[in-house]
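Chemist: The following block contains the structure, expressed as structure tokens.
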Amino acid sequence: MQKARNLVSLSLLFLQTTCFAQTAFKVSTETNENAIITSIWAGGSAFVDEPQWNDNGKSFVILESTGEIHQIGYPSFELMKSRNLRVGSDVLRRCRQGFLLVDKFNSRLVVVNAKTLNVKYKIQVPKLHAAVASPHSDLIYVLAGDRPLLHIVDLKSGDITKFDDPELPEIGGQFLNVTPNGTHVFVGDRAMYHLKLNGKSLEYIGKSPSIASNPGGIYVSPDSQYVALPSGGGNDGVAGLPRSGYNTYLFETKNLKENTRSLPTGAYPRSIGWDAKNQWVYAQDFDYQLKVFNNQTGVLHSQHALSTRGNDGVRYTSHPDGKGRVLCTMVNHKPQKNGPARLFFVEIR
């Protein structure tokens, strides 16, 4: 166990700029028989991770790769607040103490106040690779080390603890995620290891088969019920499910061995998301950045081209009330090559 509190540095060392402009971000709205699509951003640098809705659903926060963080009002899409945090992060998550960013260059976690968007403090984590958090917990799960292994960071105490289990003494991988309720943690790359929170420690539950070829990440549903590991080559390896190419398996978080479903997501699927009330599943393929499936039947409802073909860096963030309202963020979009960064608000009809 390592004490990290003495490594915390205050955010006041950073120059932070504030903007309260009432500029509307809406660029254009397109309506078709299946959706209302609003482009709400047409400038700036590439976006990072998923936007984060505030609990009341009346605003959300987005982060640029330059370290600029913005609070946007809903449904006005007006800029409410901005800060330049001067932190190069590829993660934006909610935790009990605000927003979590990961500064890989300086190998530290950065915690941001959710109301003011000011940096609260930082925690040094040697050889930090990735980190995730849940909105109602002080526990942060990180991959760190030469061979990134799972560690637990307690923001309240400052403790950093390497996960250790007699059955699986060292667990790591390229990706990790935690359910929003903070109960289930998943880590891996071609397969997913499943761990469950027990007090302030993790218990190893089991693992999925090796299902992923060119994995895109581990994704969990807003209600903490589902988890998936979409991959460019599709998923394969679960007995009884279709072996045709480019499927994505949807697992139940409580048990990776039962009730797994297969979704025909299309060529090169690397992202997936869910409606907050579980009406829809959101996915992408090489041609469409948003494909909408009925979560109960798996039937394709509609598909929408939001950007250039092959732009597979999409993140889906459902409005807290669901109802087919989802933010679609083009996180791999390169403004210099493909034009301005893009963020869309889509209302499924």
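Chemist: Please go through the stretch 175-196 and pick out each residue that is crowded, with 20+ Cβ neighbours inside 10 Å and over 17 Å from R93 (Cα atoms).
Modeler: Result: G188, M192, Y193, H194, L195.
Chemist: Search the stretch 119-133 for residues that are within 21 Å of I218 (Cβ to Cβ) and touching a residue at least 40 places away in the same chain (Cβ under 8 Å) and pair each with any residue that is surrounded by fewer than 23 Cβ atoms within 10 Å (Cβ to Cβ) and of a type in the set (G, A, S) when their beta-carbon atoms are under 9 Å apart and the residues are at least 6 apart or on different chains.
Modeler: Final answer for the pair search is V125/A4; V125/S107; V125/A144; A130/A144; A131/A144; A133/G182.
Chemist: Can you name every residue in the stretch 219-229 that is in contact with an Asp or Glu (Cβ under 8 Å, 6 or more places away or on another chain) and surrounded by fewer than 20 Cβ atoms within 10 Å (Cβ to Cβ)?
Modeler: Correct list: Q225 only.
Chemist: Moving to a separate point now. Out of the stretch 151-166, which residues are free of Cβ contacts under 8 Å to residues at least 40 places away in the same chain and either surrounded by fewer than 17 Cβ atoms within 10 Å (Cβ to Cβ) or closer than 23 Å to V48 by Cβ (or both)?
Modeler: Going residue by residue through the stretch 151-166, those that are free of Cβ contacts under 8 Å to residues at least 40 places away in the same chain are 151, 156, 162-166.
Result: H151, K156, K162, D164, D165, P166.
Chemist: Right, next: When R83 is evaluated against the numbered criteria (1) crowded, with 20+ Cβ neighbours inside 10 Å; (2) closer than 24 Å to A276 by Cα; (3) charged (D, E, K, R), which criterion, by number, is the only one it fails?
Modeler: Unmet for R83, out of (1) crowded, with 20+ Cβ neighbours inside 10 Å; (2) closer than 24 Å to A276 by Cα; (3) charged (D, E, K, R): (2).
Chemist: Return yes when G273 is out of contact with any His (no Cβ under 7 Å at 6 or more places or on another chain) and either over 20 Å from I218 (Cβ atoms) or not in a strand (DSSP E or B) (or both) and no when it is not. Before you say what the answer is, go through the steps one by one.
Modeler: Working: out of contact with any His (no Cβ under 7 Å at 6 or more places or on another chain): yes; either over 20 Å from I218 (Cβ atoms) or not in a strand (DSSP E or B) (or both): no.
Here the answer is no, as G273 does not meet what is asked.
Chemist: Determine if the stretch 41-64 includes at least one residue that is over 16 Å from the mean Cα position of the chain (by Cα) and among the β-branched types (V, I, T). Before the answer, list the steps.
Modeler: We begin by selecting, within the stretch 41-64, every residue over 16 Å from the mean Cα position of the chain (by Cα); these are 41-45, 55-59.
Those still in the list that are among the β-branched types (V, I, T) too: none.
Within the stretch 41-64, not a single residue is over 16 Å from the mean Cα position of the chain (by Cα) and among the β-branched types (V, I, T).
Chemist: May I pose another question? Within the stretch 99-109, can you find the residues that are surrounded by fewer than 21 Cβ atoms within 10 Å (Cβ to Cβ) and at pLDDT 95 or above?
Modeler: Listed by number, the list holds a single entry, S107.
Chemist: The conditions are (1) among the hydrophobic types (A, V, I, L, M, F, W, C); (2) more than 22 Å from I140 (Cα to Cα); (3) at pLDDT below 95, and I36 fails exactly one of them. Which is it?
Modeler: (3)
Chemist: Taking the stretch 296-317, which residues are out of contact with any Ser or Thr (no Cβ under 9 Å at 6 or more places or on another chain), within 15 Å of W274 (Cβ to Cβ) and either of a type in the set (S, T, N, Q) or assigned to a loop (DSSP other than H, G, I, E, B) (or both)? Give the derivation first.
Modeler: Within the stretch 296-317, the subset out of contact with any Ser or Thr (no Cβ under 9 Å at 6 or more places or on another chain) is 296-297, 299-305, 307-311.
Right, trim to within 15 Å of W274 (Cβ to Cβ) and you get 296-297, 301.
Q296, T297, listed by residue number.
Chemist: When only residues in the stretch 68-104 that are within 17 Å of the chain's Cα centre (by Cα) and among the small types (G, A, S) count, which is nearest to S137 (Cα to Cα)?
Modeler: The residue in question is G98.
Chemist: If T116 satisfies all but one of (1) modelled with pLDDT of 95 or more; (2) assigned to a loop (DSSP other than H, G, I, E, B); (3) within 21 Å of the chain's Cα centre (by Cα), what's the number of the condition it fails?
Modeler: (3)
Yes/no per residue for (1) buried (at least 22 other Cβ atoms within 10 Å of the Cβ); (2) more than 19 Å from V185 (Cβ to Cβ); (3) in contact with a Cys (Cβ under 7 Å, 6 or more places away or on another chain):
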| site | (1), (2), (3) |
| --- | --- |
| S231 | yes, yes, no |
| G240 | no, yes, no |
| N255 | no, no, no |
| N278 | no, yes, no |
| F286 | no, yes, no |
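Chemist: Still on this structure: In the stretch 205-253, what count of residues is obtained for those that are of a type in the set (K, R), over 19 Å from G172 (Cβ atoms) and assigned to a strand (DSSP E or B)? Before the answer, list the steps.
Modeler: Filtering the stretch 205-253 for residues of a type in the set (K, R) gives 207, 243.
Subset that is over 19 Å from G172 (Cβ atoms): 243.
Next, from what is left, pick out any that are assigned to a strand (DSSP E or B): none.
Counting residues in the stretch 205-253 that are of a type in the set (K, R), over 19 Å from G172 (Cβ atoms) and assigned to a strand (DSSP E or B) gives 0.
Chemist: So which strands (runs of 3 or more DSSP E) are wholly in the stretch 148-204 and hold at least 1 residues that are within 13 Å of V132 (Cβ to Cβ), out of contact with any Ser or Thr (no Cβ under 9 Å at 6 or more places or on another chain) and not basic (K, R)?
Modeler: 149-154, 175-178, 184-188, 192-198
Chemist: Take the residues of the stretch 288-319 that are buried (at least 17 other Cβ atoms within 10 Å of the Cβ), more than 13 Å from I348 (Cα to Cα) and hydrophobic (A, V, I, L, M, F, W, C): which is nearest to the chain's Cα centre (by Cα)?
Modeler: V314
Chemist: Look at L250 and say whether it is more than 23 Å from L290 (Cα to Cα) and either surrounded by 19 or more Cβ atoms within 10 Å (Cβ to Cβ) or hydrophobic (A, V, I, L, M, F, W, C) (or both). Reasoning before the result, please.
Modeler: Values: more than 23 Å from L290 (Cα to Cα): no; either surrounded by 19 or more Cβ atoms within 10 Å (Cβ to Cβ) or hydrophobic (A, V, I, L, M, F, W, C) (or both): yes.
Spelling it out, it is not the case that L250 is more than 23 Å from L290 (Cα to Cα) and either surrounded by 19 or more Cβ atoms within 10 Å (Cβ to Cβ) or hydrophobic (A, V, I, L, M, F, W, C) (or both).
The values are calculated or read from the model by the stated rules, or taken from the named source; none is laboratory data. The model shown is predicted, which means the values in this text are computed figures rather than measured ones. Don't worry about glycine lacking a Cβ; one is built from the backbone with ideal geometry, like all the others, and counts go over all protein chains shown.
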